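Q: Please read through the structure below; I'll follow up with questions.
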Amino acid sequence: METITHNLIAVFIQILCFLYFIFPWNVIFTIIFAFISHIIVDDLSFITYHTPDFMKDDKFWLIWHYIIYALSLFSFVIFIIPYGLSLLFANIVDLWDWFILRPIQKKIKSKNPDSKWGDKYYFHQIVDWVRLKLFNWLPKRKYKKSGILIEISIIIVFSILLGMLNVTLVID
Ligand SMILES: [Zn+2]
């Protein structure tokens, strides 16, 4: 799913962990649950509009992604303090796979095209494994445009939940 969805759920997790656990468990559980949340949310992305490839010639794809990327960026800006911990660990799967491992692999492959180095270090392998074990029964709707409604609904639900938790932008 999209980064804003990951972020809202991450903030929700950190609030609950800091509400119910004392130090250092609040920090430890925030890290663990934020990490796990990424895996589960990604596993559910099959039921939302989530094309594996960029579809730059598709107007609908472009507009949706402009909006969702802007919202994602905005969610980082408003939540980074004081929810940076959960944001980091809810996104570390993507950060590692897309921004660290993939560029390194690209470099290695440019010298040695047959290199398989790094293939087994992708965090998204865990996502795929869990999907196979637990979520394989879900309908595959990655290319269905109506899938954005599911993502929008999740975003709205978690925004309301955060509102109800009276999300403050400071932890006390
Ligand atoms: Zn991911």
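Q: Within the bounds of region 100-117, is there any residue that is within 16 Å of the ligand (Cβ to nearest atom) and under 14 Å from the mean Cα position of the chain (by Cα)?
A: no
Q: Check Ser159 against each of (1) loosely packed, with under 13 Cβ neighbours inside 10 Å; (2) in contact with a helix residue (DSSP H, G or I) (Cβ under 8 Å, 6 or more places away or on another chain); (3) within 28 Å of Phe33 (Cβ to Cβ) and name the one condition it does not meet.
A: It is condition (1) that Ser159 fails.
Q: Out of Ile81, Ile92, report the one residue that is on the phi < 0 side of the Ramachandran plot, modelled with pLDDT of 95 or more and assigned to a helix (DSSP H, G or I).
A: Values: Ile81 fails: modelled with pLDDT of 95 or more.
Being on the phi < 0 side of the Ramachandran plot, modelled with pLDDT of 95 or more and assigned to a helix (DSSP H, G or I) holds for just one of Ile81, Ile92, which is Ile92.
Q: Determine which single condition Ile47 fails, assuming it passes every other condition in (1) in contact with a Leu (Cβ under 8 Å, 6 or more places away or on another chain); (2) without any contact (Cβ under 8 Å) to a residue 12 or more places away in the chain.
A: (2)
Q: Give region 34-60 a look and list any residue that's among the hydrophobic types (A, V, I, L, M, F, W, C), modelled with pLDDT of 95 or more and away from the ligand (no atom under 16 Å from the Cβ), or say none.
A: Passing the criteria: only Phe60.
Q: Continuing with the same structure: Out of curiosity, is Lys142 more than 26 Å from Ile13 (Cα to Cα), within 16 Å of the ligand (Cβ to nearest atom) and surrounded by fewer than 16 Cβ atoms within 10 Å (Cβ to Cβ)?
A: Working: more than 26 Å from Ile13 (Cα to Cα): yes; within 16 Å of the ligand (Cβ to nearest atom): yes; surrounded by fewer than 16 Cβ atoms within 10 Å (Cβ to Cβ): yes.
The answer is yes for Lys142.
Q: Ok, one more. Based on this model, can you work out whether Ile68 counts as touching a residue at least 24 places away in the same chain (Cβ under 8 Å), within 16 Å of the ligand (Cβ to nearest atom), of a type in the set (A, V, I, L, M) and more than 17 Å from Ser37 (Cβ to Cβ)? Full working, then the answer.
A: On the way: touching a residue at least 24 places away in the same chain (Cβ under 8 Å): yes; within 16 Å of the ligand (Cβ to nearest atom): yes; of a type in the set (A, V, I, L, M): yes; more than 17 Å from Ser37 (Cβ to Cβ): yes.
Spelling it out, Ile68 is indeed touching a residue at least 24 places away in the same chain (Cβ under 8 Å), within 16 Å of the ligand (Cβ to nearest atom), of a type in the set (A, V, I, L, M) and more than 17 Å from Ser37 (Cβ to Cβ).
The values are calculated or read from the model by the stated rules, or taken from the named source; none is laboratory data. Owing to the predicted nature of the structure, the values given are computational and were not obtained by experimental measurement. Positions of Cβ are backbone-derived with ideal geometry, glycine not excepted, and every protein chain shown enters the neighbour counts.
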